[in-house]
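A.B. asks: Mind having a look at this structure? Questions to follow.
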Amino acid sequence: MAAGAQMYTFAAQLADLDRGVYEDLTLRVARHPSETEAYMMTRVLAYCLECEEGIAFSEGISSTDEPAVVVRDLTGRLTAWIEVGAPDAARLHHGSKLAGRVAIYTHRDPAKVLAQWEGKTIHRAEDIALRSFDEGFVDAAVLALGRRNELTVSVTEGQLYLDINGVNLSSGIREHSLLPR
């Protein structure tokens, strides 16, 4: 854990009907001093929405060689590279070469995030998913955030339903192509 990091805990119930994933999770998340609460909340949502065997948080912002969330198989081989925010094109290019699958979750304006990658070389860009939420969704979740959190995450037909500490929120999960149409 980085010096000065704040610890958050999430007791999460996950019901992702779209993928058939149902889990009870206990997540301990260290928020680096330079990490915003919106970034951290998006990191937690990405973890839940990508939940599968072998998933883990990386060392976060302090790690330059790994994304925010990783998935490894039983041999330790990287199978999914899951970024948060607005990673640069070189980082996505690198991650796409290492992992079979790359996904990005952003709490920012997806049009601005996509614009920064225009004209850049990104390995298998056509296979990378940029996912965003409705405007204000992550900010509303942050307002309900505490150091200890009760979280219920439900996904059905591309709609995310989130209960965080008794506050009910919902958002579409928008998927954007990295390649111009």
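The values are calculated or read from the model by the stated rules, or taken from the named source; none is laboratory data. What you see is a predicted model; the values in this text were computed from it and never measured. Neighbour counts are summed over all protein chains in view; Cβ atoms, including those assigned to glycine, are modelled from backbone coordinates with ideal geometry.
A.B. asks: Can you list the strands (runs of 3 or more DSSP E) found entirely within region 50-152 that contain at least 1 residues being surrounded by 21 or more Cβ atoms within 10 Å (Cβ to Cβ)?
C.D. replies: Those strands (runs of 3 or more DSSP E) span 69-72, 78-84, 101-106, 129-133.
A.B. asks: While we're looking at this one, here's another question. Identify all residues within region 43-69 that are in contact with a Phe, Trp or Tyr (Cβ under 9 Å, 6 or more places away or on another chain) and farther than 19 Å from residue 8 by Cα; write none if there are none.
C.D. replies: 50, 66, 67
A.B. asks: Among the residues that make up region 14-24, is at least one of them under 20 Å from residue 132 (Cβ atoms) and outside any strand (DSSP E or B)?
C.D. replies: yes
A.B. asks: Check 144, 115, 125 and return the single one that is more than 15 Å from residue 172 (Cα to Cα) and touching a Phe, Trp or Tyr at 6+ places or on another chain (Cβ under 9 Å).
C.D. replies: Of the residues listed, the single one that is more than 15 Å from residue 172 (Cα to Cα) and touching a Phe, Trp or Tyr at 6+ places or on another chain (Cβ under 9 Å) is 125.
A.B. asks: Report, by residue number, each residue of region 168-181 that is of a type in the set (A, V, I, L, M, F, W, C) and either outside any loop (DSSP other than H, G, I, E, B) or without any contact (Cβ under 8 Å) to a residue 60 or more places away in the chain (or both).
C.D. replies: Within region 168-181, 169, 173, 179 meet the criteria.
A.B. asks: Could you grab me the full set of residues in region 100-128 that are farther than 25 Å from residue 38 by Cβ and touching a strand residue (DSSP E or B) at 6+ places or on another chain (Cβ under 6 Å)?
C.D. replies: 100
A.B. asks: Working only within region 10-25, note down all residues that are under 15 Å from residue 146 (Cα atoms) and either free of Cβ contacts under 8 Å to residues at least 60 places away in the same chain or surrounded by 15 or more Cβ atoms within 10 Å (Cβ to Cβ) (or both).
C.D. replies: Correct list: 10, 12.
A.B. asks: Out of (1) assigned to a strand (DSSP E or B); (2) at pLDDT below 95; (3) loosely packed, with under 13 Cβ neighbours inside 10 Å, the odd one out for residue 30 is which?
C.D. replies: (3)
A.B. asks: Quick check on my filter: what residues within region 153-167 are under 20 Å from residue 18 (Cα atoms) and in a strand (DSSP E or B)?
C.D. replies: 153, 154, 155, 156, 159, 160, 161, 162, 163
A.B. asks: Of the residues 83, 37, 52, only one is in contact (Cβ under 8 Å) with a residue 40 or more places away in the chain and closer than 21 Å to residue 132 by Cα; which?
C.D. replies: Within the list 83, 37, 52, the selection yields 37.
A.B. asks: Taking region 155-174 only, how many residues are surrounded by 16 or more Cβ atoms within 10 Å (Cβ to Cβ), out of contact with any Asp or Glu (no Cβ under 7 Å at 6 or more places or on another chain) and not β-branched (Val, Ile, Thr)?
C.D. replies: Number of matching residues: 4.
Residue by residue, here is whether (1) touching a Gly at 6+ places or on another chain (Cβ under 8 Å); (2) over 23 Å from residue 176 (Cβ atoms); (3) hydroxyl-bearing (Ser, Thr, Tyr); (4) at pLDDT 95 or above holds:
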position: 59; (1), (2), (3), (4): no, yes, no, no
position: 100; (1), (2), (3), (4): no, no, no, no
position: 110; (1), (2), (3), (4): no, no, no, yes
position: 119; (1), (2), (3), (4): no, no, no, no
